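Asker: I have a structure here, written as structure tokens, and I will follow up with some questions on it.
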Amino acid sequence: MAEIVSLAEAVERAIADGDTVAMEGFTHLIPFAAGHEVIRQRRRDLTLIRMTPDLIYDQLIGAGCARKLVFSWGGNPGVGSLHRFRDAVEHGWPVPLEIEEHSHAGMANRYVAGASGLPFAVLRGYNGTGLETLSGAPGTTPTIKPISCPFTGEKLTAVSALRPDVAVIHAQRADRSGNVQLWGITGVQKEAVLASRRSVITVEEIVDELDPRPGAVVLPGWMVTFVAQAPNGAHPSYALGYSIRDNDYYIAWDAIARDRDSFTRWLDEQVYGVTAGQ
């Protein structure tokens, strides 16, 4: 059952060095506050999973938290490249970064397989893409393999299930029993939590009772490990009904992240120099 704790305690208890961590949220409800707390606690050697790594993973990679990135697209939405990500891949700064690339459909289906307790998912879309050559370092077990349909003989592609150690998401609300409610643009948050051994969910507010919302996703407390109240915890992305997207932040990030010194100054001032919840 879910425990309601501070964000610092949730990260300390849920995420250890070397863990595989999935931080999900698509355009909306991206868990920036939780990601910054991971940086503050100086977690290392993490395998980071995210369908669309954007600024939060650029920050985690630049802070030296990541050993490997599993993803399907990476960039600063509407602006350009992720410079800390590129520096880690091209120059090994601050540490070398291994990458494993999939398609959006492949990543989503890998989460679904993990959430369903299945070893793999099957797709048509990988045929001929060459993505199997990007699915793992030499000597590791491939995560993409051809497979023949046992009924028709059709050649398909199997992608291994994702089963992270920890899923981290942001949501609008939770009640005092740890049931979580999110609405608006959603991605694979539900599947990521179901596929993971543990979860950290930050919320805008904790309420006595969740009222019905058309189209809302409710994660029951029995499938949640930790809930932490973190108002504005998705900034600079947004939480529908609570905040709006800070477009200026995304533009400003391009200059901050482009240079190692300016990034390090930002890290010292805006993450290490800030207490969780501020």
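The values are calculated or read from the model by the stated rules, or taken from the named source; none is laboratory data. What you see is a predicted model; the values in this text were computed from it and never measured. Every residue, glycine as well, gets a Cβ built from its backbone with ideal geometry; the counts of neighbours run over all protein chains shown. For accessibility, only protein heavy atoms count, side chains too; no ligands or nucleic acids. Shrake-Rupley method; radii C 1.70, N 1.55, O 1.52, S 1.80 Å.
Asker: Counting Lys and Arg as +1 and Asp and Glu as -1, what is the net charge of the other residues whose Cβ lies under 13 Å from the Cβ of Pro119?
Answerer: On the way: positive: Arg110, Lys145, Arg163; negative: none.
Cβ neighbours under 13 Å give a net charge of +3.
Asker: Which distance in nm do the two modelled labels at Lys155 and Asn127 give, with both placed 7 Å along the Cα-to-Cβ direction?
Answerer: 0.8
Asker: What dipole magnitude, in Debye to the nearest 20, does the chain give about its Cα centre under +1 on Lys/Arg Cβ and -1 on Asp/Glu Cβ? It would help to have the intermediate numbers written out before the result.
Answerer: Values: 25 positive and 32 negative charges, 143 e Å.
It works out to roughly 680 debye.
Asker: Compute the accessible area per residue over the chain, keeping the other protein chains in place, probe 1.4 Å, unit Å². Write out the running numbers ahead of the final one.
Answerer: Values: 12170 Å² over 278 residues.
Per-residue value: 44 Å².
Asker: How large is the helix-only mean residue ellipticity at 222 nm for the chain, computed as the sum of -39500 (n - 2.57) over DSSP H runs with n ≥ 4, divided by its residue count, in deg cm²/dmol to the nearest 500? List each step's numbers first, then the result.
Answerer: On the way: 8 runs with 74 residues, N = 278.
Computed mean residue ellipticity for the chain: -7500 deg cm²/dmol.
Asker: Taking Cα pairs under 8 Å and at least six residues apart, what relative contact order does segment 37-77 come out at, in percent? All intermediate terms of the calculation are to be shown ahead of the outcome.
Answerer: Values: 56 pairs, mean separation 20.6, N = 41.
Reported relative contact order: 50 percent.
Asker: Dipole magnitude of segment 188-240 about its Cα centre, charges +1 at Lys/Arg Cβ and -1 at Asp/Glu Cβ only, in debye to the nearest 20?
Answerer: Computed charge dipole of segment 188-240: roughly 340 debye.
Asker: Length gain on complete extension for the stretch Trp222 to Ile251, per 0.36 nm per residue less the alpha carbon to alpha carbon distance?
Answerer: Numbers: separation 29, 0.36 × 29 = 10.44 nm, distance 3.96 nm.
Gain on extension, Trp222 to Ile251, equals 6.5 nm.
Asker: Distances longer than 20 Å among the Cα atoms of segment 116-236: what percent of all pairs is that?
Answerer: Values: 4033 of 7260 pairs.
Tail of the P(r) past 20 Å holds 56 percent of the pairs.
Asker: How high is the relative contact order of the chain, given as a whole-number percent (alpha carbon pairs under 8 Å, six or more residues apart)?
Answerer: Details: 630 pairs, mean separation 68.2, N = 278.
After rounding, I find 25 percent.
Asker: Now a separate question. Which far-off residues, 5 or more places away or on another chain, put their amide H under 5 Å from the one on Val168, with H placed in the peptide plane?
Answerer: Ala22, Met23, Glu24, Val200
Asker: What whole number of Å gives the distance from the Cα centroid of segment 156-213 to the Cα centroid of segment 12-31?
Answerer: Each part reduced to its Cα centre gives a spacing of 11 Å.
Asker: Check the straight Cα-Cα distances from Lys190 and name the aspartates and glutamates below 14 Å, setting aside those fewer than 8 residues away within the same chain.
Answerer: Glu24
Asker: I'm a student and want to see the number: the projected area of the Cα convex hull of the chain, averaged over all directions, in nm².
Answerer: Working: hull surface 59.9 nm².
It is 15.0 nm².
Asker: Moving to a separate point now. Need the C-alpha centroid separation for segment 231-265 versus segment 68-105, integer Å.
Answerer: Their Cα centres are 17 Å away from one another.
Asker: Still on this model: For the ranges 267-273, 99-105, what's the packing order if you count other beta-carbon atoms within 10 Å of each residue, average per peptide, and put the highest first? Write out the running numbers ahead of the final one.
Answerer: Values: 267-273: 12.9, 99-105: 18.4.
Answer by packing, highest mean first, reads 99-105, 267-273.
Asker: Check the straight Cα-Cα distances from Lys155 and name the lysines below 17 Å, setting aside those fewer than 8 residues away within the same chain.
Answerer: Lys145
Asker: Separate question: So which DSSP H runs in the chain come out at 15 Å plus along the axis (Cα) with average Kyte-Doolittle of at least -0.5?
Answerer: Numbers: long enough: 104-116 (18 Å, -0.06); 247-258 (18 Å, -0.34).
Membrane-span-like by this rule: 104-116, 247-258.
Asker: Mind checking the dipole of segment 1-133: about its Cα centre, +1 per Lys or Arg Cβ, -1 per Asp or Glu Cβ, Debye to the nearest 20? Intermediate values should be presented prior to the final figure.
Answerer: Values: 12 positive and 16 negative charges, 16 e Å.
It works out to roughly 80 debye.
Asker: Could you order peptides 172-180, 111-119 by the average number of other Cβ atoms within 10 Å of their residues, highest first?
Answerer: Numbers: 172-180: 21.3, 111-119: 17.8.
Put in order of decreasing packing, that is 172-180, 111-119.
Asker: Also: Ignoring ligands, DNA and RNA, what percent of the 1.4 Å accessible area of segment 33-83 is carbon and sulfur?
Answerer: Numbers: 550 of 1230 Å².
Whole-percent figure for carbon plus sulfur exposure: 45.
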